[in-house]
1. Which of the numbered conditions does B:Leu223 fail, given that it passes all the others? Conditions: (1) more than 30 Å from A:Lys446 (Cα to Cα); (2) in contact with a helix residue (DSSP H, G or I) (Cβ under 7 Å, 6 or more places away or on another chain); (3) open to solvent by 20 Å² or more (accessible area, probe 1.4 Å); (4) within 11 Å of another protein chain (Cβ to nearest Cβ).
2. Among the residues in the stretch B:249-261, are any of a type in the set (Phe, Trp, Tyr) and either buried (at least 18 other Cβ atoms within 10 Å of the Cβ) or in contact with an Asp or Glu (Cβ under 6 Å, 6 or more places away or on another chain) (or both)?
3. For the stretch B:295-336: of the residues being surrounded by fewer than 22 Cβ atoms within 10 Å (Cβ to Cβ) and basic (Lys, Arg), which is farthest from the other protein chains (Cβ to nearest Cβ)?
4. Could you list, in sequence order, the residues of the stretch A:189-247 that are touching a helix residue (DSSP H, G or I) at 6+ places or on another chain (Cβ under 6 Å), in a helix (DSSP H, G or I) and more than 25 Å from A:Val438 (Cα to Cα)?
5. Being more than 22 Å from the chain's Cα centre (by Cα) and either at pLDDT 90 or above or of a type outside the set (Ser, Thr, Tyr) (or both) narrows it down to one of A:Asp429, A:Asp399, so name that one.
6. Among the residues of the stretch A:410-468, write down those that are in a loop (DSSP other than H, G, I, E, B), closer than 29 Å to A:Lys178 by Cβ and small (Gly, Ala, Ser).
7. Which of the residues spanning the stretch A:197-229 are in contact (Cβ under 8 Å) with a residue 12 or more places away in the chain and hydroxyl-bearing (Ser, Thr, Tyr)?
8. In this structure, is B:Thr284 among the polar types (S, T, N, Q) and out of contact with any Phe, Trp or Tyr (no Cβ under 6 Å at 6 or more places or on another chain)?
Amino acid sequence: MMYEIPDTGHETLCALVHFPGCVRFPEYDSSVKSRGEPLRVSRQVERRTLLKAAGASLASLGVAAAGCGGGSGSSSGGAVTIRYAWWGADDRAKRINETIDLFEKKHPKIKVKTDFQPYEDFWKKFNTQAAGGNPPDVIQNAVTFLRKYGGRNVLMDLKPQVQSGELSTEGFRSGLEKFAEIDGKLLGLPVASNSMAYIIDEKVYEKAGVTPEFGWTWDDWLAGMERIRSRTGVAGETGPHSIMYYYDLVLRQKGKAFFTEDGLGFSKSDLETEWAEAVKRIKSGLYTDPKKVEQIKPKSATAAGLSAGEFTWDNFTVRYDSEGKSSYGIAPIPTTDGSKTGQYLGSLMLSGTARTKHPKEVATFINFMVHDPEVGRIMGYDRGVLATTKQFEAFEPTDKVSKQISEYEKQIAEKGVLETITPHPAGADVIEAAFLRVATEVSLDKASPGEAVEKFFSEAETAFTANS
Amino acid sequence: MEGTAATDAGHQRGPRLSKDARPGGRPPGSAQARSSAHARRRGRRENLSGYLFMSPWIAGFLLLTAGPMAASFYFAFTDYNLFDTPQWVGLKNFSDMFADARWQKSVEVTSKYVVIGTPLKLIAALGVAMLLAQSRRGQAFYRAAFYAPSLIGASVSVAIVWRALFTDDAVVDRTQQLFGMNVGGWVGDPDWTLYALVALTVWQFGAPMVIFLAGLKQVPRELYEAAEVDGAGPWRRFWSITLPMISPVLFFNVLLETIHSFQIFGSAYILGGQGNPCGPADATLVYTCYLYQQGFENSRMGFASAMAWMLVVAVGLVTAVLFWSQKRWVHYEETAR
């Protein structure tokens with residue numbers, strides 16, 4: 001009647017496959033069976049051990065559950081613990097840990113527990129923690145997430161802390177004072193500012209004899225790329241499908257923007273024109289072969305020598321410099337009319353979360369991290385150019401890259417090209433991811449610009465509805 | 001009974017053997033002294049301790065599996081972003097799903113992966129099992145060696161190494177070039193990325209191979225000898241003896257591997273590279289990958305739950321079809337027991 005898997009086979013099965021029937025009872029092994037009486041003894045011992053083990057695992061379950069519910073701020077001996085999470089890599093962690101040591105020395109009653117992940121993972125984790133009502137007390141934050149988490153009352157309004165004097169909003173460099181103020185709430189304080197830049201491989205540019213200057217136009221940029229392609233064989237540009245903020249600049253130069261307060265700030269035909277043009281440039285070799293760009297992600301194509309330049313945040317020069325073999329410089333953003341670059345200061349900031357049990361300590365911590373000159377010296381331009389004048393002046397850039405960044409931000413401030421940024425609508429993070437993915441489809445020739453635009457707009461609509 | 005022969009055989013072992021083992025545990029001399037009430041009490045006590053032993057598992061099952069499943073069933077009919085209270089939307093998630101281009105794409109990618117990957121893996125498994133069944137020496141070594149990829153294959157690190165093998169100018173690309181193929185790295189090309197994933201799956205043929213090997217060893221030698229005497233060639237012997245004789249094992253493998261394939265996630269997520277989950281241009285956007293993105297990146301838990309239940313239904317249907325089809329091709333040995 002029954003097909004029976006042979007014993008040897010079954011044993012192998014049991015050893016190798018997670019198989020419901022595959023519980024192996026050692027006492028039933030033929031070798032043990034023949035021993036008869038002693039079996040009972042061994043069985044009882046085993047039962048006792050097992051019960052103990054079961055008890056222990058139950059207890060550990062209890063501990064785990066307690067750990068989940070406990071959340072932040074278990075105070076022991078008058079000390080308060082706050083949790084601080086950020087995104088970044090090891091070198092940032094090293095700097096931040098140093099600043100925390102400093103903070104704990106000056107505020108012995110506050111202990112800081114830290115946690116960090118790469119950017120995307122950070123936000124996934126934070127989202128889940130916030131939904132579970134157990135977010136870290138302080139997080140590193142960016143403009144994309146202000147409305148999303150402000151609207152859901154995840155972020156703490158820092159205004160009362162400012163009024164009570166725990167937190168100072170004085171002394172920020174111009175353009176940064178009211179950076180994270182939305183609908184009358186102060187949702188964070190900037191720690192550093194960055195701006196979009198065109199990072200170039202200096203050696204390639206030199207070899208091709210192209211010198212970007214402030215106010216250069218898109219035509220100059222194109223001509224430069226053609227020259228680079230013909231003289232060095234390198235593609236001029238990674239391709240704008242790798243960064244959303246490039247398209248934001250293009251739109252801003254035309255008086256539009258990627259995001260308005262509650263939606264997209266451009267039309268389908270705007271985007272279709274942009275993508276159609278990008279496809280042409282990929283085919284003509286002005287932009288890097290997207291297949292190559294995909295393969296080296298998350299590394300930069302410029303740092304990998306696949307392109308002569310790419311649009312990105314100016315503080316990324318630090319990263320390029322350690323990632324790539326050439327030397328990298330910052331070129332100004334090309335313009336439409338010779339002056340307007342569409343730039344603004346972006347910024348990383350520190351925010352508190354609304355459910356924290358220690359709002360005062362959170363404010364003390366943020367205040368210290370934003371204003372203390374020593375913190376500025378330690379952090380340098382890791383997150384961008386330091387936001388407060390005190391920290392900015394405390395850090396004297398000595399290496400070439402930091403000097404370049406500082407020089408660049410000074411230059412754009414002097415030229416008066418900086419605009420104000422609109423805090424992105426809720427759902428902007430999802431839309432940014434969709435934009436990059438769909439743009440990649442276009443560049444890889446898996447969708448026509450027309451189809452892709454439809455796809456992107458419908459995904460954007462879904463994201464706005466889901467986040468409204 | 002016939003239906004789950006392979007699984008039943010697996011289940012059989014514990015209880016059947018426990019009966020055998022019992023006399024060994026109790027001295028036969030005291031048997032007549034025991035009244036039936038005593039036995040019943042003892043039985044109940046044994047039941048109780050049995051449940052006690054199972055209690056960590058039962059608690060885990062209720063808290064970590066059954067509870068969340070029930071919750072996700074409810075969420076499937078709601079709009080739920082993790083922050084606000086779920087809003088009942090009826091079947092909207094399902095209708096949205098069918099209209100969603102990326103959902104369709106994920107179904108397409110998953111089907112492709114299952115339909116191409118599973119048979120290739122089983123063919124590789126059966127082929128190697130047949131070779132191993134013939135070898136006399138070093139069988140244990142080869143069995144372990146071929147099995148090893150199954151143990152590590154689903155891990156993140158292997159997926160990362162695999163990705164490295166399939167980039168421009170890496171091992172696979174260089175080998176291709178030797179044969180004059182100019183494909184380049186597979187993982188940057190949306191037309192090829194899925195096949196890198198399929199290759200990763202096929203490479204893990206060890207688990208079904210071991211099961212095949214067990215089945216092959218069970219085929220009586222006499223059948224082959226008789227067939228050889230009758231002048232049957234190797235192919236004939238394979239089609240007429242081997243395949244029918246191992247068809248229950250084959251069925252078991254097909255079933256298990258198909259279900260596994262539907263659930264692929266980790267390697268598909270990683271193969272596209274960091275900053276590019278689920279492949280360039282959605283090339284490895286398998287079903288669970290999209291489910292994960294919707295749930296954990298886009299915070300659409302209602303939609304993601306609906307997707308999960310859709311997957312349950314789909315896998316259930318495929319399993320049902322496989323069970324129904326086995327009447328036609330799976331032969332169970334008629335032995336009186």
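1. Going through (1) more than 30 Å from A:Lys446 (Cα to Cα); (2) in contact with a helix residue (DSSP H, G or I) (Cβ under 7 Å, 6 or more places away or on another chain); (3) open to solvent by 20 Å² or more (accessible area, probe 1.4 Å); (4) within 11 Å of another protein chain (Cβ to nearest Cβ) one by one, B:Leu223 breaks only (4).
2. Just the residues of the stretch B:249-261 that are of a type in the set (Phe, Trp, Tyr), to begin with: B:251-252.
The next check asks that each one be either buried (at least 18 other Cβ atoms within 10 Å of the Cβ) or in contact with an Asp or Glu (Cβ under 6 Å, 6 or more places away or on another chain) (or both); those that pass are B:251-252.
The answer is yes; a qualifying residue exists.
3. Restricting to residues being surrounded by fewer than 22 Cβ atoms within 10 Å (Cβ to Cβ) and basic (Lys, Arg), the top hit is B:Arg328.
4. A:Val204, A:Lys207, A:Ala208, A:Arg227, A:Ile228, A:Arg231, A:Thr232 - these are the residues of the stretch A:189-247 that are touching a helix residue (DSSP H, G or I) at 6+ places or on another chain (Cβ under 6 Å), in a helix (DSSP H, G or I) and more than 25 Å from A:Val438 (Cα to Cα).
5. Working: A:Asp429 fails: more than 22 Å from the chain's Cα centre (by Cα).
Every option except A:Asp399 fails the conditions.
6. Going through the stretch A:410-468, the residues in a loop (DSSP other than H, G, I, E, B) turn out to be A:416-418, A:420-427, A:444-448, A:468.
Among the residues that remain, those that are also closer than 29 Å to A:Lys178 by Cβ are: A:416-418, A:420-427, A:468.
Those that are in a loop (DSSP other than H, G, I, E, B), closer than 29 Å to A:Lys178 by Cβ and small (Gly, Ala, Ser): A:Gly416, A:Ala426, A:Gly427, A:Ser468.
7. Taking the stretch A:197-229 as the starting set, the residues that turn out to be in contact (Cβ under 8 Å) with a residue 12 or more places away in the chain are A:197-205, A:207-210, A:212-218, A:220-222, A:224-229.
Hits for the stretch A:197-229 are A:Tyr198, A:Tyr205, A:Thr217.
8. Answer is yes for this residue.
The values are calculated or read from the model by the stated rules, or taken from the named source; none is laboratory data. Keep in mind that this is a model prediction, so the values were computed, not measured. Don't worry about glycine lacking a Cβ; one is built from the backbone with ideal geometry, like all the others, and counts go over all protein chains shown. Note: accessible area is taken over every heavy atom of the protein model, side chains too, but ligands, DNA and RNA are not part of it. Shrake-Rupley method; radii C 1.70, N 1.55, O 1.52, S 1.80 Å.
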